2 protein chains.
Amino acid sequence: MNNPQQRPVITVLTAPDDARPPGLEPLLEMAEVRFAWDVESLRQAMPGTQMMMVTDFRTGVLPGAWELADELKWIHATSAGVDALMFDELINSDVVVTNAQGIFDRTIAEYVLCTILMFNKDFPNSIRLQLRHQWQHRDTERTEGQRVLVVGAGSIGRQIARLTSAIGLEVHGIARRARDSDPDFVAVHDNDALPEQLGLADFVVIAAPLTPATEGMFDAQAFKAMKSSARLINIGRGPIVKTADLVAALQAGEIAGAGLDVFEEEPLPETHPLWDMENVLITAHMAGDFIGWTRALTEQFLENFANWQQARELFNVVDKASGYVPGR
Amino acid sequence: MNNPQQRPVITVLTAPDDARPPGLEPLLEMAEVRFAWDVESLRQAMPGTQMMMVTDFRTGVLPGAWELADELKWIHATSAGVDALMFDELINSDVVVTNAQGIFDRTIAEYVLCTILMFNKDFPNSIRLQLRHQWQHRDTERTEGQRVLVVGAGSIGRQIARLTSAIGLEVHGIARRARDSDPDFVAVHDNDALPEQLGLADFVVIAAPLTPATEGMFDAQAFKAMKSSARLINIGRGPIVKTADLVAALQAGEIAGAGLDVFEEEPLPETHPLWDMENVLITAHMAGDFIGWTRALTEQFLENFANWQQARELFNVVDKASGYVPGR
């Protein structure tokens with residue numbers, strides 16, 4: 001693929017205001033490393049670039065430099081979702097795309113379990129009461145035995161299933177193919193079963209990638225299918241949920257709450273009605289970002305880069321048509 | 001013990017402002033049931049009372065009616081802790097004391113897991129930021145692999161160990177007798193090992209009963225022994241912690257935070273400095289109180305009452321000298 005005699009040319013594409021990824025030092029010895037942060041700098045870096053490392057999961061600059069991609073073979077995204085990166089010319093090209101699958105699984109699952117327990121134990125109210133120095137006993141919900149529906153049975157969805165099952169929740173999944181025997185789920189149902197499954201769940205967790213198939217999947221109809229006591233948790237991508245429909249469903253009491261780490265518009269606008277809803281938990285797209293995550297992402301990339309250097313198979317290769325790494 | 005020919009006399013002692021326990025209807029058919037809520041009403045009810053059900057875990061009225069306890073054989077407390085109930089004459093009498101061991105284990109363990117995850121994921125800050133409509137990304141802690149020290153390896157401590165182990169925490173225990181092979185703990189250490197174990201834990205969870213041996217156990221010295229990054233979680237009893245020392249340790253940064261469901265003085269006084277500490281989580285002595293808990297307590301009592309009626313062995317018999325139900 002590449003000639004080991006000459007140092008490969010690698011372009012690292014970051015967000016305009018982002019620091020360069022930590023831990024890249026080994027790469028600087030093995031490759032000519034260029035940095036880009038917008039269309040102009042990327043257009044300068046692109047000619048001769050054989051490999052790109054994209055650290056900005058929201059990036060939209062690639063199409064503006066695509067015509068100059070004369071040597072590009074491989075793009076590695078240091079994110080689990082590659083939705084923003086994709087465009088038709090890339091999808092239809094021979095350029096291989098890999099992602100950061102695996103890095104965030106565990107911490108996202110911990111985040112999801114935390115929100116489930118917080119809803120059950122009414123902890124958001126406890127914190128608000130504490131701010132007012134108010135002692136107020138309440139009876140709260142048992143978590144054991146509640147039912148979780150994880151939409152998306154990829155590596156993140158599986159880890160969520162494992163952690164929530166481990167403390168006694170009953171976890172079902174939604175995936176493209178239904179299956180009865182799955183090591184992590186009580187059962188995995190296909191998309192046709194979604195309305196029925198939504199009606200049975202106490203917690204519905206969106207752990208799907210953003211693709212044309214999932215965009216807007218959670219709309220007014222989906223919320224009507226949910227139990228009025230159920231909560232939605234979204235750690236996938238914002239546009240999988242129609243935000244206006246979610247706000248309406250929460251206001252109408254069609255669902256009981258939402259834990260949201262991702263939004264159609266990020267940052268969530270300061271005047272958005274979601275901020276003031278007491279049954280909504282908002283975090284700033286950080287569910288998976290453990291201390292040290294940027295270095296862990298670089299280490300994962302360097303591992304794959306070693307595969308590339310030695311002409312071995314790359315891991316985490318994204319099926320560009322579906323938008324994610326297919327299950328094994 | 002009692003004569004099945006005649007209906008036994010049972011006195012139910014509640015707090016003055018508490019409702020009568022739900023689910024007692026079956027008892028009304030089997031026994032003469034009297035109700036009491038203070039010293040005066042208890043003195044009226046006591047003569048002839050063979051059995052007492054005490055629903056107020058803070059009660060201090062029993063000594064004031066003790067001289068009238070002419071038939072009393074058994075006291076059942078619908079709480080896990082019986083510290084407030086105990087006094088020398090009761091301890092030295094033949095009256096059997098049973099408690100509600102088991103009822104709260106699971107929900108208290110869920111509460112503890114919730115606070116651990118909330119500290120790691122910085123959720124209290126997320127809620128405060130949400131109140132200000134503020135989007136602020138932070139990197140947060142992985143929970144997997146962190147070390148928990150559970151002080152008290154009774155039924156609540158064990159359940160805490162099970163749930164936290166289940167999601168990948170490393171859980172050690174402190175109990176009267178050290179043991180290497182325990183189904184729920186990596187290891188159980190004895191009290192002599194407490195200072196050393198405090199220095200190794202990321203989370204120290206107090207799940208011990210309040211007894212002369214545990215009162216004031218967590219003092220300035222204990223906090224100095226803890227890691228400055230560690231958090232204390234107390235779901236046992238308030239007086240196990242010297243509150244003033246805890247406040248000082250938090251202010252000095254000797255420990256990183258505290259999750260507190262119980263306090264030396266309850267309700268926690270409105271002007272107490274703990275309320276305003278951002279690294280402190282406060283709840284109103286409710287960690288175990290799931291929806292339906294009062295009815296579950298009555299059901300548990302009725303089960304033990306059936307044992308009594310049929311002269312079978314009672315379960316959850318408290319060792320009055322140590323103040324808790326001995327481990328099997």
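Observations on the structure shown:
- Per-residue ellipticity at 222 nm computed for the protein assembly as shown from its helices equals -8000 deg cm²/dmol, with DSSP H segments shorter than 4 residues left out and the rest contributing -39,500 (n - 2.57).
- Against the rule of thumb 2.2 N^0.38 Å, how large the Cα Rg of chain B comes out: 1.07
- In chain B, a dipole from Cβ-located charges (positive for Lys and Arg, negative for Asp and Glu) runs towards its positive end, and of B:PRO124, B:LEU163, B:ILE235 it is B:LEU163 whose Cα lies farthest in that direction.
- Long pairs among A:LYS121/B:LYS121; A:LYS121/A:LYS227; B:LYS121/B:LYS242; B:LYS73/B:LYS320, criterion Cα-Cα beyond 26 Å: B:LYS121/B:LYS242
- Selection from A:GLN309, A:GLY257, B:LEU302 lying farthest towards where the dipole of the protein assembly as shown points positive, charges on Cβ: A:GLN309
- Lys, Arg +1 and Asp, Glu -1 on Cβ, resulting dipole of the range A:101-252 about Cα centre, debye, nearest 20: 400 debye
- Nearest-ten-degree value, helix A:105-121 long axis tilted from longest Cα axis of chain A: 20 degrees
- Placing +1 on the Cβ of every Lys and Arg and -1 on the Cβ of every Asp and Glu, with nothing else charged, gives chain A a dipole about its Cα centre of roughly 740 debye.
- Against chain A, whose longest principal axis is taken from its Cα atoms, helix A:293-309 shows a tilt of about 40°.
- Entry note: the range A:225-300 has Rg to Rh equal to 1.06, where both radii use alpha-carbon atoms and Rh is the Kirkwood radius.
- For A:ALA15, the residues 5 or more places off, or on other chains, whose built amide H falls under 5 Å of its own are A:ASP56.
- Across the identical copies, how the B:VAL39 labels are spaced - nm, sorted shortest first, 7 Å along Cα→Cβ: 8.5
- C-alpha long axis of helix A:155-166 to longest principal axis of chain A, angle in °: 30 degrees
- Shown is the FRET efficiency for B:LEU200 and A:GLU67, computed with R0 = 41 Å from the Cβ-Cβ distance and rounded to the nearest 0.05: 0.10.
- Kirkwood-based Rg to Rh ratio, the range A:105-282, C-alpha trace: 0.96
- Karplus-derived 3J(HN,Hα), 6.51/-1.76/1.60, for each residue of the range B:59-69, Hz, glycine and proline x: 4, x, 8, 4, x, x, 10, 4, 5, 9, 7
- Distances from B:SER93 to itself in the other copies, using label points 7 Å out along the Cα-Cβ axis, amount to 8.6 nm in increasing order.
- Sequence-distant residues sharing a close amide H with A:ILE75 (under 5 Å, placed H): A:MET52, A:VAL96, A:VAL97, A:THR98
- Pairwise alpha-carbon distances in the protein assembly as shown exceed 50 Å for 22% of all pairs.
- Using a 1.4 angstrom probe on protein heavy atoms only, the contact between A and B buries about 5100 square angstrom of accessible area, both sides summed.
- Note on the range A:17-59: with charges restricted to the Cβ of Lys and Arg (+1) and Asp and Glu (-1), its dipole about the Cα centre is near 140 debye.
- Label geometry 7 Å along the beta-carbon vector: B:THR271 inter-copy distances in nm: 4.3
The values are calculated or read from the model by the stated rules, or taken from the named source; none is laboratory data. Computed from a prediction, not measured in an experiment: that's the story for all the values here. Note that each Cβ is placed from the backbone with ideal geometry, even for glycine, and that neighbours are counted across all protein chains shown. What goes into the accessible areas is simple: the full protein's heavy atoms, side chains included, and nothing from ligands, DNA or RNA. Shrake-Rupley method; radii C 1.70, N 1.55, O 1.52, S 1.80 Å.
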